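Down below is the structure, laid out as C-alpha coordinates.
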Amino acid sequence: MTVQDNPSTDVVLYEVRGDVALVTMHRPEYHNAQNSQMTYALDAAFRRACDDDEVKVIILRGAGRHFSAGHDIGTPGRDVQQSFERSSLWYDHVNKPGGEFLYAREHEVYLGMCRRWRDMPKPTIAMVQGACIAGGLMLAWVCDLIVASEDAYFSDPVVRMGIPGVEYFAHVHELNPRIAKEFLFLGERMSAERAYQMGMVNRVVTREQLEEHTLSMARRIAQMPRLGLQLTKQAVNNAEDLMGKRSTMDMVFGLHHFAHAHNELTSGDKLGGYDAKAMADSQRKAVKS
Ligand code: ZN
(Lines give C-alpha, C1' and ligand atoms only; values in the text may rest on other atoms or scores of the structure.)
Protein backbone atom coordinates (compact mmCIF):
# COMPACT_ATOMS: atom_id res chain seq x y z
CA MET A 1 0.00 0.00 0.00
CA THR A 2 1.20 3.51 -0.71
CA VAL A 3 0.39 6.31 1.72
CA GLN A 4 1.22 9.81 0.54
CA ASP A 5 0.85 13.26 2.01
CA ASN A 6 -0.10 16.51 0.38
CA PRO A 7 3.09 18.01 -1.09
CA SER A 8 1.63 21.51 -1.45
CA THR A 9 1.12 22.14 2.27
CA ASP A 10 3.28 19.79 4.33
CA VAL A 11 6.82 20.62 5.47
CA VAL A 12 7.50 16.90 5.81
CA LEU A 13 6.10 14.31 3.40
CA TYR A 14 5.49 10.70 4.29
CA GLU A 15 5.25 7.87 1.83
CA VAL A 16 5.39 4.10 2.14
CA ARG A 17 6.66 2.00 -0.75
CA GLY A 18 6.33 -1.66 0.12
CA ASP A 19 8.31 -2.15 3.31
CA VAL A 20 10.21 1.14 3.08
CA ALA A 21 9.01 4.48 4.47
CA LEU A 22 10.30 7.65 2.80
CA VAL A 23 10.34 10.71 5.02
CA THR A 24 10.98 13.85 2.97
CA MET A 25 11.90 17.27 4.33
CA HIS A 26 9.83 19.57 2.20
CA ARG A 27 10.83 23.22 2.32
CA PRO A 28 12.72 23.15 -0.99
CA GLU A 29 12.34 26.93 -1.44
CA TYR A 30 14.50 27.35 1.71
CA HIS A 31 16.80 24.39 1.00
CA ASN A 32 14.98 22.45 3.71
CA ALA A 33 16.07 24.78 6.51
CA GLN A 34 14.78 23.10 9.64
CA ASN A 35 12.33 25.16 11.71
CA SER A 36 10.49 23.76 14.73
CA GLN A 37 7.45 23.00 12.61
CA MET A 38 9.62 20.70 10.50
CA THR A 39 11.32 19.15 13.53
CA TYR A 40 8.01 18.17 15.09
CA ALA A 41 6.68 16.97 11.72
CA LEU A 42 9.80 14.80 11.33
CA ASP A 43 9.24 13.39 14.79
CA ALA A 44 5.62 12.57 13.90
CA ALA A 45 6.66 10.93 10.62
CA PHE A 46 9.28 8.78 12.36
CA ARG A 47 6.72 7.80 14.99
CA ARG A 48 4.35 6.77 12.18
CA ALA A 49 7.04 4.67 10.51
CA CYS A 50 8.04 3.00 13.79
CA ASP A 51 4.39 2.25 14.60
CA ASP A 52 3.69 0.65 11.21
CA ASP A 53 4.53 -3.07 11.27
CA GLU A 54 4.70 -3.10 7.46
CA VAL A 55 7.62 -0.65 7.50
CA LYS A 56 11.03 -2.27 7.96
CA VAL A 57 13.42 0.51 6.90
CA ILE A 58 13.15 4.31 6.93
CA ILE A 59 14.76 6.65 4.38
CA LEU A 60 15.24 10.34 5.27
CA ARG A 61 15.70 12.69 2.33
CA GLY A 62 15.29 16.34 1.32
CA ALA A 63 13.12 17.67 -1.52
CA GLY A 64 14.77 19.79 -4.21
CA ARG A 65 18.42 20.58 -4.86
CA HIS A 66 19.70 20.18 -1.30
CA PHE A 67 19.35 17.76 1.60
CA SER A 68 19.33 20.52 4.23
CA ALA A 69 20.92 23.93 4.72
CA GLY A 70 20.67 23.49 8.50
CA HIS A 71 18.60 25.04 11.24
CA ASP A 72 16.31 27.83 10.21
CA ILE A 73 18.14 31.02 11.17
CA GLY A 74 16.53 33.40 8.74
CA THR A 75 13.52 32.31 6.65
CA PRO A 76 10.07 33.88 7.06
CA GLY A 77 8.99 30.59 8.69
CA ARG A 78 11.50 30.87 11.54
CA ASP A 79 9.51 29.92 14.63
CA VAL A 80 11.88 29.85 17.65
CA GLN A 81 9.41 31.99 19.62
CA GLN A 82 6.57 29.52 19.14
CA SER A 83 5.42 26.82 21.55
CA PHE A 84 4.85 23.29 20.33
CA GLU A 85 3.52 20.17 21.98
CA ARG A 86 6.78 18.70 23.14
CA SER A 87 8.06 15.15 22.69
CA SER A 88 10.06 15.13 25.96
CA LEU A 89 9.21 16.27 29.47
CA TRP A 90 11.23 19.44 29.04
CA TYR A 91 9.22 22.54 29.91
CA ASP A 92 8.42 25.12 27.25
CA HIS A 93 11.33 27.44 26.36
CA VAL A 94 9.16 30.35 25.25
CA ASN A 95 9.31 33.39 27.59
CA LYS A 96 12.21 31.97 29.60
CA PRO A 97 14.96 34.47 30.53
CA GLY A 98 18.65 34.55 29.61
CA GLY A 99 20.39 31.30 28.79
CA GLU A 100 17.40 29.24 29.88
CA PHE A 101 15.51 30.01 26.66
CA LEU A 102 17.90 28.26 24.26
CA TYR A 103 19.04 25.67 26.80
CA ALA A 104 15.48 24.35 27.18
CA ARG A 105 14.70 24.68 23.48
CA GLU A 106 17.83 22.94 22.23
CA HIS A 107 17.54 20.14 24.78
CA GLU A 108 14.14 19.37 23.33
CA VAL A 109 14.35 20.05 19.60
CA TYR A 110 18.02 19.35 18.85
CA LEU A 111 19.80 17.11 21.33
CA GLY A 112 16.69 15.32 22.61
CA MET A 113 15.02 14.72 19.24
CA CYS A 114 18.25 13.73 17.50
CA ARG A 115 19.02 11.12 20.14
CA ARG A 116 15.45 9.86 19.95
CA TRP A 117 15.74 9.51 16.17
CA ARG A 118 19.17 7.93 16.34
CA ASP A 119 17.74 5.21 18.58
CA MET A 120 14.63 4.44 16.52
CA PRO A 121 14.15 0.67 16.54
CA LYS A 122 14.29 0.39 12.73
CA PRO A 123 17.22 0.93 10.35
CA THR A 124 17.43 4.40 8.83
CA ILE A 125 19.23 5.65 5.73
CA ALA A 126 19.95 9.30 4.94
CA MET A 127 19.83 10.03 1.22
CA VAL A 128 21.93 13.16 0.73
CA GLN A 129 22.25 15.44 -2.29
CA GLY A 130 23.65 18.99 -2.48
CA ALA A 131 24.14 20.85 0.79
CA CYS A 132 24.21 19.12 4.15
CA ILE A 133 25.21 21.94 6.48
CA ALA A 134 25.34 22.22 10.30
CA GLY A 135 21.79 21.31 11.46
CA GLY A 136 21.57 19.22 8.27
CA LEU A 137 24.54 17.17 9.43
CA MET A 138 22.70 16.21 12.60
CA LEU A 139 19.87 14.77 10.53
CA ALA A 140 22.23 12.74 8.35
CA TRP A 141 24.33 11.63 11.32
CA VAL A 142 21.40 10.25 13.31
CA CYS A 143 20.75 7.81 10.47
CA ASP A 144 22.40 4.39 10.47
CA LEU A 145 23.67 4.67 6.91
CA ILE A 146 24.36 7.59 4.59
CA VAL A 147 24.14 7.38 0.81
CA ALA A 148 25.33 10.55 -0.92
CA SER A 149 25.29 11.76 -4.50
CA GLU A 150 28.55 12.97 -6.06
CA ASP A 151 27.45 16.60 -5.74
CA ALA A 152 26.74 16.34 -2.00
CA TYR A 153 28.90 18.29 0.45
CA PHE A 154 29.06 18.49 4.23
CA SER A 155 30.08 21.37 6.49
CA ASP A 156 29.73 22.70 10.00
CA PRO A 157 30.68 26.40 9.84
CA VAL A 158 29.29 27.45 13.24
CA VAL A 159 32.74 28.04 14.78
CA ARG A 160 32.43 31.35 12.90
CA MET A 161 29.65 32.19 15.38
CA GLY A 162 32.03 31.32 18.22
CA ILE A 163 30.21 28.03 18.82
CA PRO A 164 32.03 24.66 19.03
CA GLY A 165 29.95 22.79 16.43
CA VAL A 166 26.27 21.92 16.18
CA GLU A 167 24.26 20.73 19.19
CA TYR A 168 24.54 17.03 18.35
CA PHE A 169 28.31 16.77 18.79
CA ALA A 170 29.07 13.53 16.98
CA HIS A 171 32.00 15.03 15.04
CA VAL A 172 34.69 12.95 16.73
CA HIS A 173 32.71 9.77 16.15
CA GLU A 174 31.86 10.54 12.53
CA LEU A 175 35.44 11.60 11.72
CA ASN A 176 38.77 10.91 13.34
CA PRO A 177 39.68 13.72 15.79
CA ARG A 178 42.27 15.43 13.57
CA ILE A 179 39.91 15.51 10.59
CA ALA A 180 37.09 16.67 12.92
CA LYS A 181 39.28 19.61 14.01
CA GLU A 182 40.04 20.52 10.39
CA PHE A 183 36.33 20.22 9.53
CA LEU A 184 35.40 22.57 12.42
CA PHE A 185 38.38 25.00 12.41
CA LEU A 186 38.02 25.75 8.71
CA GLY A 187 34.26 25.28 8.41
CA GLU A 188 34.83 24.40 4.77
CA ARG A 189 32.89 22.01 2.59
CA MET A 190 33.84 18.36 2.65
CA SER A 191 33.00 16.67 -0.64
CA ALA A 192 31.01 13.44 -0.78
CA GLU A 193 34.14 11.68 -2.06
CA ARG A 194 36.26 12.79 0.90
CA ALA A 195 33.44 12.01 3.34
CA TYR A 196 33.40 8.54 1.81
CA GLN A 197 37.18 8.18 2.25
CA MET A 198 36.81 9.26 5.89
CA GLY A 199 34.14 6.62 6.48
CA MET A 200 31.42 9.19 7.13
CA VAL A 201 29.24 8.05 4.24
CA ASN A 202 28.59 4.51 3.03
CA ARG A 203 28.14 5.03 -0.73
CA VAL A 204 28.63 7.75 -3.30
CA VAL A 205 26.57 7.46 -6.47
CA THR A 206 25.49 9.79 -9.27
CA ARG A 207 22.57 12.10 -8.66
CA GLU A 208 20.52 10.07 -11.15
CA GLN A 209 21.19 6.84 -9.27
CA LEU A 210 20.69 8.27 -5.78
CA GLU A 211 17.06 7.35 -5.19
CA GLU A 212 17.16 3.93 -6.81
CA HIS A 213 20.43 2.96 -5.11
CA THR A 214 19.13 4.00 -1.68
CA LEU A 215 15.80 2.24 -2.19
CA SER A 216 17.49 -0.93 -3.37
CA MET A 217 19.74 -0.94 -0.29
CA ALA A 218 16.69 -0.38 1.94
CA ARG A 219 14.83 -3.25 0.27
CA ARG A 220 17.75 -5.61 0.79
CA ILE A 221 17.99 -4.64 4.48
CA ALA A 222 14.21 -5.11 4.77
CA GLN A 223 14.67 -8.81 4.00
CA MET A 224 16.36 -9.29 7.38
CA PRO A 225 14.22 -10.09 10.42
CA ARG A 226 12.88 -7.04 12.27
CA LEU A 227 14.18 -7.99 15.70
CA GLY A 228 17.58 -9.02 14.31
CA LEU A 229 17.93 -5.56 12.77
CA GLN A 230 16.81 -3.83 15.95
CA LEU A 231 19.19 -5.80 18.16
CA THR A 232 22.08 -5.18 15.78
CA LYS A 233 21.38 -1.47 15.70
CA GLN A 234 21.15 -1.36 19.47
CA ALA A 235 24.43 -3.29 19.77
CA VAL A 236 26.32 -0.81 17.60
CA ASN A 237 24.68 2.25 19.17
CA ASN A 238 25.39 1.00 22.68
CA ALA A 239 28.98 0.26 21.71
CA GLU A 240 29.34 3.84 20.44
CA ASP A 241 27.96 5.13 23.74
CA LEU A 242 30.46 2.97 25.64
CA MET A 243 33.15 4.65 23.52
CA GLY A 244 31.94 7.93 24.96
CA LYS A 245 29.56 9.25 22.33
CA ARG A 246 26.72 10.08 24.71
CA SER A 247 28.85 11.58 27.48
CA THR A 248 30.91 13.57 24.95
CA MET A 249 27.70 15.07 23.63
CA ASP A 250 26.48 15.97 27.12
CA MET A 251 29.80 17.64 27.91
CA VAL A 252 29.95 19.60 24.63
CA PHE A 253 26.29 20.66 24.99
CA GLY A 254 27.43 22.63 28.06
CA LEU A 255 30.24 24.30 26.09
CA HIS A 256 27.79 25.00 23.27
CA HIS A 257 25.48 26.83 25.65
CA PHE A 258 28.31 28.70 27.29
CA ALA A 259 29.07 29.98 23.75
CA HIS A 260 25.45 31.02 23.14
CA ALA A 261 25.42 32.86 26.50
CA HIS A 262 28.82 34.48 25.84
CA ASN A 263 27.54 35.69 22.46
CA GLU A 264 24.48 37.18 24.06
CA LEU A 265 26.58 38.96 26.72
CA THR A 266 29.10 40.38 24.28
CA SER A 267 26.98 41.12 21.20
CA GLY A 268 23.39 40.88 22.39
CA ASP A 269 22.76 38.01 19.96
CA LYS A 270 22.95 34.29 20.75
CA LEU A 271 24.34 33.55 17.29
CA GLY A 272 26.94 36.33 17.44
CA GLY A 273 24.97 38.47 14.98
CA TYR A 274 24.87 35.90 12.18
CA ASP A 275 21.76 34.96 10.25
CA ALA A 276 21.69 32.63 7.22
CA LYS A 277 22.72 35.33 4.75
CA ALA A 278 25.55 36.73 6.89
CA MET A 279 26.88 33.18 7.37
CA ALA A 280 26.80 32.45 3.64
CA ASP A 281 28.52 35.78 2.83
CA SER A 282 31.31 35.27 5.38
CA GLN A 283 31.87 31.69 4.18
CA ARG A 284 32.24 32.95 0.61
CA LYS A 285 34.67 35.68 1.71
CA ALA A 286 36.75 33.20 3.71
CA VAL A 287 37.09 30.78 0.80
CA LYS A 288 38.28 33.60 -1.52
CA SER A 289 40.96 34.96 0.81
ZN1 ZN B 1 22.62 26.05 19.70
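The values are calculated or read from the model by the stated rules, or taken from the named source; none is laboratory data. Since this is a predicted model, take the numbers as computed values, not measurements. With ideal geometry, Cβ positions are generated from the backbone for all residues, glycine too; neighbour counts draw on all protein chains shown. Areas reflect the complete protein model, heavy atoms only, side chains present, ligands, DNA and RNA absent. Shrake-Rupley method; radii C 1.70, N 1.55, O 1.52, S 1.80 Å.
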(request) For the stretch 197-269, state which GluC sites (Glu not before Pro) are in a DSSP loop and have at most 11 other beta carbons lying within 10 Å of their beta carbon. (result) GLU208
(message) Student exercise: in the stretch 12-288, how many lysine pairs 8 or more apart or on different chains have Cα atoms under 19 Å apart?
(response) 8
(message) What are the ³J(HN,Hα) couplings of the stretch 94-110, residue after residue, when phi is run through the Karplus curve with 6.51, -1.76, 1.60 and θ = phi - 60°? Round to Hz, x for glycine and proline.
(response) 4, 6, 8, x, x, x, 5, 4, 6, 4, 5, 4, 6, 4, 6, 7, 10
(message) If I model a spin label at VAL159 and PHE258 as a point 7 Å from the Cα along the Cα→Cβ vector, what separation in nanometres do I get?
(response) 1.7
(message) Could you work out [θ]222 nm for the chain from helices alone, using -39500 (n - 2.57) per DSSP H run of at least four and dividing by all its residues? Round to the nearest 500 deg cm²/dmol.
(response) -13000 deg cm²/dmol
(request) Keeping every protein chain in place, order GLU150, GLU108, GLU85 by accessible area at 1.4 Å, biggest value first, i.e. largest first. (result) GLU85, GLU150, GLU108
(request) Check every DSSP H run in the chain and write down those whose alpha carbon atoms cover 27 angstrom or more along the long axis and whose mean Kyte-Doolittle hydropathy is -0.5 or greater. (result) 245-267
(message) How large is the direction-averaged shadow of the alpha-carbon convex hull of the stretch 7-114, in nm²?
(response) 7.3
(request) Express the C-alpha Rg of the chain as a ratio against the empirical globular expectation 2.2 N^0.38 Å, rounded to two decimals. (result) 0.96
(message) Probe of 1.4 angstrom, ligands and nucleic acids ignored: what's the accessible area per residue over the stretch 12-288, in square angstrom?
(response) 46
(request) Name the residue farthest towards the positive end of the dipole of the chain from the options SER216, ALA278, ALA152, assuming +1 on Cβ of Lys and Arg, -1 on Cβ of Asp and Glu, about the Cα centre. (result) ALA152
(request) Report the net charge of residues surrounding LEU137, where surrounding means a beta-carbon distance below 14 angstrom and charges are Lys +1, Arg +1, Asp -1, Glu -1. (result) -2
(request) Please identify every one of the chymotrypsin sites (Phe, Trp or Tyr not before Pro) in the stretch 95-155 that sits in a loop by DSSP and has no more than 11 other beta carbons within 10 Å of its own beta carbon. (result) none
(message) Quick check: net charge around ARG115, other residues with Cβ under 13 Å of its Cβ, Lys/Arg +1 and Asp/Glu -1?
(response) -4
(request) Express in nm, to one decimal, how much length is gained between GLN209 and GLU15 on full extension, taking 0.36 nm for each residue of separation and deducting their alpha carbon distance. (result) 67.9 nm
(request) Place the peptides 127-139, 251-263 in order of packing, highest mean first, counting for every residue the other Cβ atoms within 10 Å and averaging per peptide. (result) 127-139, 251-263
(message) How much length would be gained if the chain were fully extended between SER247 and ALA278, taking 0.36 nm per residue of separation minus their Cα-Cα distance, in nm to one decimal?
(response) 7.9 nm
(request) Mind giving me the nanometre distance, one decimal, between the label points for LEU265 and VAL236, set 7 Å out from Cα along Cα→Cβ? (result) 4.2
(request) Pick out, from SER68, ALA21, ALA192, the residue whose Cα sits farthest towards the positive end of the charge dipole of the chain, with +1 on the Cβ of Lys and Arg and -1 on the Cβ of Asp and Glu. (result) ALA192
(message) Which residues does the label zone of SER87 cover in the stretch 44-76, counting backbone N under 11 Å from a point 7 Å along Cα→Cβ?
(response) 44-50
